[in-house]
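Below: one structure, written as C-alpha coordinates.
The values are calculated or read from the model by the stated rules, or taken from the named source; none is laboratory data. The model shown is predicted, which means the values in this text are computed figures rather than measured ones. Virtual Cβ from ideal backbone geometry, glycine too; neighbours counted across all protein chains shown. For accessibility, only protein heavy atoms count, side chains too; no ligands or nucleic acids. Shrake-Rupley method; radii C 1.70, N 1.55, O 1.52, S 1.80 Å.
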Amino acid sequence: TTPSIEFTVRIRAAGGYNEAYNVILPVSFDYYPGEWVELGGSASGGGIGSGNVRTPSLAIGNDGNPIVAWYTMDGLWDIYIKRFNGASWGEVGSGSASGGGISNTVGGSWYPSLAIGTDSNPIVAWQEDAWPSSQYKIYIKRFNGASWVEVGTGSASGLGISNTAGNFYRPSLE
(Lines give C-alpha, C1' and ligand atoms only; values in the text may rest on other atoms or scores of the structure.)
Protein backbone atom coordinates (compact mmCIF):
# COMPACT_ATOMS: atom_id res chain seq x y z
CA THR A 1 0.00 0.00 0.00
CA THR A 2 1.04 3.57 -0.64
CA PRO A 3 1.77 5.55 2.55
CA SER A 4 -0.49 8.45 3.43
CA ILE A 5 0.54 11.70 5.06
CA GLU A 6 -1.85 14.40 6.18
CA PHE A 7 -1.13 17.79 4.64
CA THR A 8 -3.11 20.63 3.15
CA VAL A 9 -3.48 21.34 -0.53
CA ARG A 10 -4.50 24.93 -1.18
CA ILE A 11 -5.88 25.82 -4.57
CA ARG A 12 -6.85 29.43 -5.21
CA ALA A 13 -10.47 29.71 -6.26
CA ALA A 14 -12.75 32.69 -6.73
CA GLY A 15 -13.63 33.96 -3.27
CA GLY A 16 -10.82 32.24 -1.35
CA TYR A 17 -9.18 28.87 -0.90
CA ASN A 18 -10.54 25.35 -1.08
CA GLU A 19 -8.68 22.84 1.10
CA ALA A 20 -8.32 19.05 0.93
CA TYR A 21 -6.77 16.73 3.55
CA ASN A 22 -5.22 13.26 3.73
CA VAL A 23 -3.87 13.31 0.19
CA ILE A 24 -1.96 10.19 -0.85
CA LEU A 25 1.74 10.88 -1.12
CA PRO A 26 2.88 11.78 -3.72
CA VAL A 27 -0.18 13.76 -4.72
CA SER A 28 -1.46 12.64 -8.06
CA PHE A 29 -5.07 11.92 -8.73
CA ASP A 30 -7.67 13.35 -11.06
CA TYR A 31 -11.36 13.25 -10.21
CA TYR A 32 -13.92 11.99 -12.67
CA PRO A 33 -17.55 11.90 -11.59
CA GLY A 34 -17.77 9.08 -9.07
CA GLU A 35 -14.10 8.01 -9.07
CA TRP A 36 -10.48 9.09 -8.48
CA VAL A 37 -8.03 8.21 -11.25
CA GLU A 38 -4.27 7.98 -10.82
CA LEU A 39 -2.19 10.42 -12.89
CA GLY A 40 0.69 8.81 -14.75
CA GLY A 41 1.71 6.14 -12.21
CA SER A 42 1.90 8.65 -9.39
CA ALA A 43 0.08 6.61 -6.77
CA SER A 44 1.56 3.19 -7.46
CA GLY A 45 5.00 1.69 -7.07
CA GLY A 46 7.32 4.45 -5.88
CA GLY A 47 5.02 7.24 -7.05
CA ILE A 48 6.69 10.22 -8.73
CA GLY A 49 9.45 10.56 -6.14
CA SER A 50 11.98 8.10 -4.86
CA GLY A 51 13.29 7.54 -1.37
CA ASN A 52 11.77 8.87 1.81
CA VAL A 53 9.59 11.67 0.34
CA ARG A 54 8.42 14.45 2.68
CA THR A 55 6.21 17.57 2.67
CA PRO A 56 5.06 17.79 -0.95
CA SER A 57 3.92 21.18 -2.18
CA LEU A 58 1.43 21.30 -5.05
CA ALA A 59 0.64 24.02 -7.59
CA ILE A 60 -1.51 23.92 -10.68
CA GLY A 61 0.25 25.25 -13.78
CA ASN A 62 -1.43 27.63 -16.18
CA ASP A 63 -1.96 24.61 -18.46
CA GLY A 64 -4.14 23.04 -15.72
CA ASN A 65 -1.62 20.30 -14.91
CA PRO A 66 -0.12 19.72 -11.45
CA ILE A 67 3.46 20.47 -10.44
CA VAL A 68 4.82 18.93 -7.22
CA ALA A 69 7.91 19.86 -5.17
CA TRP A 70 9.19 17.78 -2.23
CA TYR A 71 12.29 16.89 -0.25
CA THR A 72 13.66 13.49 0.68
CA MET A 73 15.12 12.19 3.93
CA ASP A 74 17.41 9.62 2.36
CA GLY A 75 20.82 11.18 2.85
CA LEU A 76 20.59 13.89 0.19
CA TRP A 77 18.05 16.19 1.88
CA ASP A 78 17.46 18.18 -1.31
CA ILE A 79 14.47 19.77 -3.06
CA TYR A 80 13.00 18.02 -6.11
CA ILE A 81 10.24 18.98 -8.54
CA LYS A 82 8.22 17.31 -11.30
CA ARG A 83 5.44 18.44 -13.63
CA PHE A 84 2.62 16.36 -15.12
CA ASN A 85 2.31 16.95 -18.89
CA GLY A 86 -1.08 15.32 -19.32
CA ALA A 87 0.35 11.83 -19.88
CA SER A 88 3.40 11.41 -17.63
CA TRP A 89 5.55 13.07 -14.96
CA GLY A 90 8.81 14.73 -15.96
CA GLU A 91 11.52 16.98 -14.64
CA VAL A 92 11.15 20.75 -14.80
CA GLY A 93 14.53 21.45 -16.37
CA SER A 94 17.48 19.10 -16.33
CA GLY A 95 18.12 17.46 -12.94
CA SER A 96 15.10 18.86 -11.08
CA ALA A 97 14.12 15.40 -9.81
CA SER A 98 17.49 13.64 -9.69
CA GLY A 99 20.92 14.07 -8.09
CA GLY A 100 20.83 17.17 -5.89
CA GLY A 101 17.57 18.42 -7.40
CA ILE A 102 17.04 22.17 -7.61
CA SER A 103 18.65 22.91 -4.23
CA ASN A 104 21.85 20.83 -4.60
CA THR A 105 23.47 22.25 -1.45
CA VAL A 106 25.85 20.97 1.22
CA GLY A 107 23.34 21.66 4.02
CA GLY A 108 19.89 20.12 4.41
CA SER A 109 17.00 21.51 2.34
CA TRP A 110 13.47 21.13 3.74
CA TYR A 111 9.84 22.25 3.50
CA PRO A 112 9.47 23.44 -0.10
CA SER A 113 6.73 25.90 -0.96
CA LEU A 114 5.73 26.05 -4.62
CA ALA A 115 3.96 28.78 -6.58
CA ILE A 116 3.48 29.71 -10.22
CA GLY A 117 5.07 33.02 -11.27
CA THR A 118 3.57 35.67 -13.52
CA ASP A 119 5.70 34.21 -16.34
CA SER A 120 3.82 30.86 -15.88
CA ASN A 121 6.97 29.15 -14.54
CA PRO A 122 7.35 27.57 -11.08
CA ILE A 123 9.03 29.29 -8.13
CA VAL A 124 10.17 27.27 -5.08
CA ALA A 125 11.19 28.57 -1.65
CA TRP A 126 12.54 26.28 1.06
CA GLN A 127 14.17 26.13 4.48
CA GLU A 128 17.92 25.60 4.22
CA ASP A 129 20.48 24.59 6.83
CA ALA A 130 22.98 27.25 5.71
CA TRP A 131 26.03 25.11 6.44
CA PRO A 132 28.50 25.73 8.03
CA SER A 133 26.60 28.39 10.03
CA SER A 134 24.04 25.85 11.32
CA GLN A 135 21.36 28.51 11.00
CA TYR A 136 18.15 27.95 9.10
CA LYS A 137 17.65 30.35 6.21
CA ILE A 138 15.07 30.74 3.47
CA TYR A 139 16.25 30.09 -0.09
CA ILE A 140 14.28 30.67 -3.29
CA LYS A 141 14.74 29.78 -6.97
CA ARG A 142 12.63 30.15 -10.09
CA PHE A 143 12.55 28.23 -13.34
CA ASN A 144 13.34 30.59 -16.23
CA GLY A 145 12.13 28.21 -18.93
CA ALA A 146 15.53 26.54 -19.30
CA SER A 147 17.11 26.19 -15.85
CA TRP A 148 16.66 26.92 -12.13
CA VAL A 149 18.09 30.32 -11.19
CA GLU A 150 18.24 32.53 -8.11
CA VAL A 151 15.60 35.22 -7.68
CA GLY A 152 18.16 37.99 -7.28
CA THR A 153 21.78 37.56 -6.24
CA GLY A 154 22.21 35.33 -3.18
CA SER A 155 18.60 34.15 -2.94
CA ALA A 156 19.75 30.50 -2.84
CA SER A 157 23.16 30.77 -1.20
CA GLY A 158 24.75 32.14 1.98
CA LEU A 159 22.08 33.83 4.09
CA GLY A 160 19.49 33.51 1.31
CA ILE A 161 16.56 35.94 1.30
CA SER A 162 16.64 35.93 5.11
CA ASN A 163 19.92 37.90 4.82
CA THR A 164 20.35 38.30 8.59
CA ALA A 165 21.45 36.32 11.64
CA GLY A 166 18.96 34.01 13.30
CA ASN A 167 16.80 31.11 12.23
CA PHE A 168 13.96 31.27 9.71
CA TYR A 169 11.53 28.40 9.16
CA ARG A 170 9.03 26.96 6.67
CA PRO A 171 8.45 29.52 3.92
CA SER A 172 5.06 29.91 2.29
CA LEU A 173 4.49 31.15 -1.25
CA GLU A 174 1.01 31.97 -2.48
* Considering every residue within region 68-79, establish whether at least one is at pLDDT 90 or above, open to solvent by 30 Å² or more (accessible area, probe 1.4 Å) and in a loop (DSSP other than H, G, I, E, B). => no
* Determine if region 126-145 includes at least one residue that is under 14 Å from Val68 (Cα atoms) and open to solvent by less than 20 Å² (accessible area, probe 1.4 Å). => yes
* Structure fact -> Of those in region 37-60 that are of a type in the set (S, T, N, Q) and farther than 21 Å from Asn121 by Cβ, the residue least open to solvent (accessible area, probe 1.4 Å) is Ser42
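Out of the residues in region 151-161 that are farther than 15 Å from Ser109 by Cα and not hydroxyl-bearing (Ser, Thr, Tyr), which is most open to solvent (accessible area, probe 1.4 Å)?
Taking region 151-161 first, the residues farther than 15 Å from Ser109 by Cα are 151-154.
Next cut, not hydroxyl-bearing (Ser, Thr, Tyr) only: 151-152, 154.
Values: Val151: 66, Gly152: 44, Gly154: 19 Å².
Checked region 151-161; the qualifying residue most open to solvent (accessible area, probe 1.4 Å) is Val151.
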* **Residues located in region 65-90, provided they are over 15 Å from Gly47 (Cβ atoms) and among the acidic types (Asp, Glu)** => Asp78
* Asked: Which of the residues that make up region 103-122 are of a type in the set (A, V, I, L, M) and either open to solvent by less than 30 Å² (accessible area, probe 1.4 Å) or in a loop (DSSP other than H, G, I, E, B) (or both)?
  -> Val106, Leu114, Ala115
* **Breaking point among (1) over 21 Å from Gly40 (Cβ atoms); (2) open to solvent by less than 60 Å² (accessible area, probe 1.4 Å); (3) modelled with pLDDT under 95; (4) of a type in the set (S, T, N, Q), for Thr164** => (2)
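For region 80-102, enumerate the residues that are part of a loop (DSSP other than H, G, I, E, B) and within 19 Å of Asn121 (Cβ to Cβ). Can you show your working first?
At the first step, the residues of region 80-102 found to be part of a loop (DSSP other than H, G, I, E, B) are 85-88, 92-102.
Within region 80-102, Asn85, Gly86, Val92, Gly93, Ser94, Gly95, Ser96, Ala97, Gly101, Ile102 meet the criteria.
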